[in-house]
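To keep things clear, I will list the structure first and then write my remarks on it.
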Amino acid sequence: MKIIKIDKKENEIQCIPETPEDLWHLEKIISKKDIVFGVVDRKIKPKNEGEKTQRIKLFVELEVEDTHFEEYSNELRVNGIILGGKPEEFIELKSHQNLEIGCGEKIRIKKENLTQWQIDRLKKAQQSSTNDALLCVLLDDEEAELAFINSYNISKKAIIKEKKGGKRYAQEKSTYFDEILEKIITLQPKKIILAGPGFTKDNLKKFIEDKKIKGMASILTENTNSISATGFNELIREGKIEKIEKNLQITKESKIIEEFMNLVTKGKGEYGIEKINEALLQGAVEKLIISETHLTQNRDKTEEIMNTAEKMGSVIEIISSKNPQEKIIWGFGGIVATLRYKLE
């Protein structure tokens, strides 16, 4: 999430969602009666017979009726009533309009009351965009290119070349892997994929793991036929990045579920809506863990609990419906919690 402006005095937000998760955050922030400003394409019927229908871009000001994040198209759909816009001659005041917002599109939101937890959620989304980026090291035995990468963009950070050639090189130890590792540490990624043809990536993975560096991100490997731009495109086009991201998320979620199961036996895990609400009000909930299926089927009530949890400083974790272990949380009622301390 790229935050352009947060004005609590004017109750206004301006931002650019960069990932589908950012759109999901915005869906939670935008409320009924908020004013959202954006651009739409609209067909304008001709005023005179024989003239062609025009398709033009309109800047509109909508009073929100409802919002919905379209998971499959990765769009945030905002439905509302037009209060104003430009060009004025094409604006139909009080008519209904859908505003479709995608990744990379600027959005301006004016709220009746901009709360601190909404600001915190935006900043959390911004931090997540920075910290959760996947670092790809695409390499062979001669060159390595490092870039933060997802399905939407590639942000290249460095190119490191193996220094080969001459008698002097034959007498010196290669620093190729050392230079790559030094750059990885500088970039501080949360996830790493080593990719490329041949076995160089596997040798680099072993080299890094043998160093036993504290706090080093999890490392996975993937094969590509080439490096450079062609290799990056191969990773994205063939869905290899999505596969890696999914595997890492499942690993993270599985650890969260395992932690909860362990704490239940020690009296520091809670389940049941009433007990969780009570624990939240006492400030005892450290982590609120929610089944995505439960959230989908009980959205309003679940979001009330999530809002309370955020206000109380609890961490919220949503277990994906694509994770086979989600059924464990579902079996406990769909919402569970780990506690900061035992409740009497």
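Here is how the numbers come out for the structure above:
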quantity: Antiparallel bridges, percent of DSSP beta bridges restricted to the chain (to nearest 5); calculated: 80
quantity: Angle between the chain longest axis and helix 176-187 axis [Cα atoms, degrees, rounded to 10]; calculated: 30
quantity: Label selected from [x] 25, 54, 20, 2, 0; [y] 29, 49, 20, 2; [z] 24, 47, 25, 4, 0, the criterion being P(r) over Cα pairs in 20 Å bins from 0, in percent as computed here; calculated: [z]
quantity: Pairwise FRET efficiency - residue 66 versus residue 229, Cβ, R0 = 56 Å, nearest 0.05; calculated: 0.85
quantity: MRE, 222 nm, helices only [DSSP H, n ≥ 4, -39500 (n - 2.57), over the chain, to nearest 500]; calculated: -11000 deg cm²/dmol
quantity: Partner aspartates and glutamates for residue 161 [C-alpha distance under 18 Å; skip if fewer than 8 residues away on the same chain]; calculated: 140, 141, 142, 143, 145, 172, 178, 179, 182, 202
quantity: Quarter of the Cα convex hull surface for segment 252-339, i.e. its orientation-mean projected area (nm²); calculated: 4.9
quantity: Amide H contacts of residue 70 (H built 1.01 Å from N, under 5 Å, at least 5 apart or other chain); calculated: 75, 76, 77
quantity: Cross-link table 9/157; 9/106; 5/57; 2/183, entries beyond 30 Å C-alpha to C-alpha; calculated: 9/157
quantity: For 64, 264, 78, order by how many other beta-carbon atoms lie within 10 Å, fewest first; calculated: 264, 64, 78
quantity: Cβ crowding within 10 Å averaged over residues, with 29-38, 231-240 ranked highest first; calculated: 29-38, 231-240
quantity: Set 163/243; 205/240; 243/327; 110/190; 201/255 screened for pairs whose C-alpha atoms are more than 23 Å apart; calculated: 163/243; 110/190; 201/255
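All of the numbers you see were taken from the coordinates with simple rules; none came from a lab. Just so it is clear, the model here is predicted, and its values are computed rather than measured. Cβ coordinates were reconstructed from backbone atoms using ideal geometry, including for glycine residues, and neighbour counts include every protein chain displayed.
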